[in-house]
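Engineer: Let me give you the structure first, and then I'll get to my questions.
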Amino acid sequence: MNPPSEITYHKVAHTLEVAWQKDRITLPAELLRVYSPSAEVRGHSAEERKLQTGKKNVGIKQLEAVGNYAIRIVFDDGHDTGIYSWEMLNDLGIKQDDYWQEYLADLKQANASRLPNIPVGQWTPKS
């Protein structure tokens, strides 16, 4: 697959827009983070995949070209080991609804949340 003609990160919306000559996809940073191709997330087999929780507000800090075939995404939660090929980005865009439903079902099954955990004692309401 050819490299995209344009890659744009929309900071406020937390979305990555990837455009090829005839196609344009918009991917939420959260989806990119929870489906990271890194071994840290995917493991070395389907059974080793680690469910990512608390990523609703994750953003992207940096995008780095990897040769002419992929990008490395540095997320604001510190995750930076996934290499996203053009094929993977395209697949995430085409099957976005399926991946999203799978993610939500996995969260529900694990009784987990998209919302980040706030450690007790780390937040106090304004008076």
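Engineer: Inspect the stretch 105-115 for any residue being hydrophobic (A, V, I, L, M, F, W, C), part of a helix (DSSP H, G or I) and at pLDDT 95 or above and give the result as yes or no.
Structural biologist: Yes, there is a match, as at least one residue in the stretch 105-115 is hydrophobic (A, V, I, L, M, F, W, C), part of a helix (DSSP H, G or I) and at pLDDT 95 or above.
Engineer: Another question, if that's okay. G67 fails exactly one of the following numbered conditions: (1) closer than 21 Å to K95 by Cα; (2) surrounded by fewer than 17 Cβ atoms within 10 Å (Cβ to Cβ). What is the number of that condition?
Structural biologist: G67 satisfies every listed condition except (1).
Engineer: Within the group R33, R42, which residue is basic (K, R), under 22 Å from E6 (Cα atoms), under 13 Å from the mean Cα position of the chain (by Cα) and surrounded by 15 or more Cβ atoms within 10 Å (Cβ to Cβ)?
Structural biologist: So the residue among R33, R42 that is basic (K, R), under 22 Å from E6 (Cα atoms), under 13 Å from the mean Cα position of the chain (by Cα) and surrounded by 15 or more Cβ atoms within 10 Å (Cβ to Cβ) is R33.
Engineer: Let me confirm something: among G78, G59, G43, G82, which residue is free of Cβ contacts under 8 Å to residues at least 24 places away in the same chain and closer than 11 Å to R33 by Cα?
Structural biologist: The unique qualifying residue is G78.
Yes/no per residue for (1) within 23 Å of Q21 (Cβ to Cβ); (2) of a type in the set (D, E); (3) assigned to a loop (DSSP other than H, G, I, E, B):
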| site | (1), (2), (3) |
| --- | --- |
| Q52 | no, no, yes |
| K56 | no, no, yes |
| A65 | yes, no, no |
| D77 | no, yes, yes |
| D80 | no, yes, yes |
| Y84 | yes, no, no |
| N90 | yes, no, no |
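Engineer: Also: Given the options K61, K95, K55, K11, name the one that is at pLDDT 95 or above and either within 11 Å of the chain's Cα centre (by Cα) or among the acidic types (D, E) (or both).
Structural biologist: Among K61, K95, K55, K11, only K55 is at pLDDT 95 or above and either within 11 Å of the chain's Cα centre (by Cα) or among the acidic types (D, E) (or both).
Engineer: Quick check on E102: is it of a type in the set (D, E), surrounded by 11 or more Cβ atoms within 10 Å (Cβ to Cβ), touching a residue at least 40 places away in the same chain (Cβ under 8 Å) and in a helix (DSSP H, G or I)?
Structural biologist: No, not satisfied.
Engineer: Continuing with the same structure: Of the residues I118, I94, I73, I60, only one is hydrophobic (A, V, I, L, M, F, W, C), out of contact with any Gly (no Cβ under 9 Å at 6 or more places or on another chain) and surrounded by 13 or more Cβ atoms within 10 Å (Cβ to Cβ); which?
Structural biologist: After applying the criteria, what remains is I60.
Engineer: What are the residues in the stretch 45-79 that are charged (D, E, K, R), in contact with a strand residue (DSSP E or B) (Cβ under 6 Å, 6 or more places away or on another chain) and more than 21 Å from P4 (Cα to Cα), if any?
Structural biologist: Residue satisfying the conditions is D76 alone.
Engineer: Now, a different point. For Y9, all conditions in the list (1) in contact (Cβ under 8 Å) with a residue 60 or more places away in the chain; (2) over 25 Å from A112 (Cα atoms) hold save one; what is the number of the exception?
Structural biologist: In the conditions (1) in contact (Cβ under 8 Å) with a residue 60 or more places away in the chain; (2) over 25 Å from A112 (Cα atoms), Y9 misses (1) alone.
Engineer: Another question, then. Would the stretch 19-40 turn up any residue that is of a type outside the set (D, E, K, R), touching a strand residue (DSSP E or B) at 6+ places or on another chain (Cβ under 7 Å), assigned to a helix (DSSP H, G or I) and free of Cβ contacts under 8 Å to residues at least 60 places away in the same chain?
Structural biologist: Yes: one or more hits.
Engineer: Name the residues in the stretch 18-30 that are crowded, with 16+ Cβ neighbours inside 10 Å and farther than 16 Å from G78 by Cβ, would you?
Structural biologist: Passing the criteria: V18, W20, I25, L27, P28.
The values are calculated or read from the model by the stated rules, or taken from the named source; none is laboratory data. Quick caveat, the model's predicted, so the values are computed rather than measured. Note that we place each Cβ from the backbone using ideal geometry, even for glycine, and neighbour counts take in every protein chain shown.
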